[in-house]
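Below is one structure, written out as structure tokens, with a few remarks after it.
Throughout, read-outs are computed from the coordinates displayed, never taken from laboratory work. Model, not experiment: these values are computed from the prediction. Note: ideal-geometry Cβ built from the backbone for every residue, glycine included; neighbour counts use all protein chains shown.
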Amino acid sequence: MSERDTPDMDNSDKINELESENRRLREQLSEIEKQLAIRRRTRSRLILLAVRTFAGRPLYTSVNQLVDEVAERRLERETIKKVMYATLHRITRVGVIMLTIALGPLMLAGLQTYYLKKQNEKLDIQNDRIEQQTVLQEAERRSSLVFLFDNVLNKIDEELQQSPVRRNLSPQLIGRIVALTKALKPYRFLDGDTITSGMSSPERGQVLLSILASKLSQKTYDQIFLLADFSYATLENVSLEDAYLRNINLAHAQLTEVSFTGADLRNANLEGAVLNGVHVLATGADARPARFDFANLHNARIINCDFGGSTFDYTNFADANLHQVSFRRSFFNQTKFADIQADTLDFGAAVFINTAFSLAPVKQPASLHFQWQGIRLDTSSYRQISGLALLHLPVPDTALREFHITRDTFYPNEDSPPVVVVDSVELFGIRRQ
């Protein structure tokens, strides 16, 4: 082989390699073009499918027909109608679909809110049970003081046996009674399946009934009531007839169907107390009205009570709620009925001296009605009563005049004679309506 043939062979090999590489590249390019074509067809099909799905077959067909007719310049009215109808129909369907899609999250949110509400209700029930358990534990702790209560009663019996006539207790035992009433603090307890809304202390009521049943001397009662705390006491369906209750603290007490016939409640503190069905025997041979002189019934709630014939010297009824209360034949002197809420009050045949009246600046019940038949009053009380917003007000009769005379005796000292003080006030009857 000649030297000239060797370069030619090299060139031929290079040419073959280049042609082979060229074919391989063309094949790769062809493969890429096929893949691109497939992708374009797939994309076109997807776009077409989306357009058909969104627009719908009727709208798609009518729009194609409209385009063809516009291109051929033969636009028909029926084709425009089809396009408009198909457009409105599709818009309506799309709106319904979008509304359904939009309502999905709202429905999920509603379900979530419902289950959260159910969960909160269960949590509230659980919290109520926990609160009930706490209240029961507190009530159990209070009941543990019953042993101390029983011990105090035994000591009272022992001392009364030693002093059966005078009925006095020692200062040490009085101190233990006072300490017991302060230890029996008010609490809420379980009534049925619910916890009472307000606090009360039935144990203090039991202590009060026990010491009243012991028939102690007035001196001993004065020492006990001056220091003991019977506030929030609960008394139901009991008789306190002829009970000596001067200076007692019954603030916020619950008194239901209690008889105060002949009871002495002078200087008693009944602020915020609830008196329901409290009554006195004011008629007949055994009539013994109660005495509420200087008593404090500020902000008390008095419902369906009968205080007939009782005395109310310097008694405070300010801000009280009075509903269906009878004060017939009662005596009021310097009594304060300021800013009261009331409906039906019966003051028949009562006496008023320097008594203040005013209604609370709130909406009073439509049945607001006061009975004034047979009352006697002075001019100061009449000016107070005449300012009330009532349909029927008493009218004084100047022909029915009398003088109410009071006498009081003072003893300055043992060696000096007594001083008798006489005071009188002019009272007027009222005209018959």
query: Which of the GluC sites (Glu not before Pro) found in the range 334-426 are loop residues per DSSP with 15 or fewer other Cβ atoms within 10 Å of their Cβ?
result: 414
statement: Note on the range 144-229: C-alpha Rg/Rh, Kirkwood Rh, two decimals, gives 1.05
- request: On each of the three principal axes of the Cα atoms of the range 237-394, give max minus min coordinate, whole Å, ordered largest first.
  value: 38, 33, 24
query: Nearest 20 debye, what's the magnitude of the dipole of the range 144-229 about its Cα centre given +1 on Lys and Arg Cβ and -1 on Asp and Glu Cβ?
result: 320 debye
query: Which order, highest average first, do 357-370, 374-387, 171-184 follow once you tally other Cβ atoms within 10 Å for each residue and take the mean per peptide?
result: 374-387, 171-184, 357-370
field: Listed pairs 118/185; 122/182; 215/336; 185/219; 182/215 exceeding 31 Å between Cα atoms
entry: 118/185; 122/182; 215/336
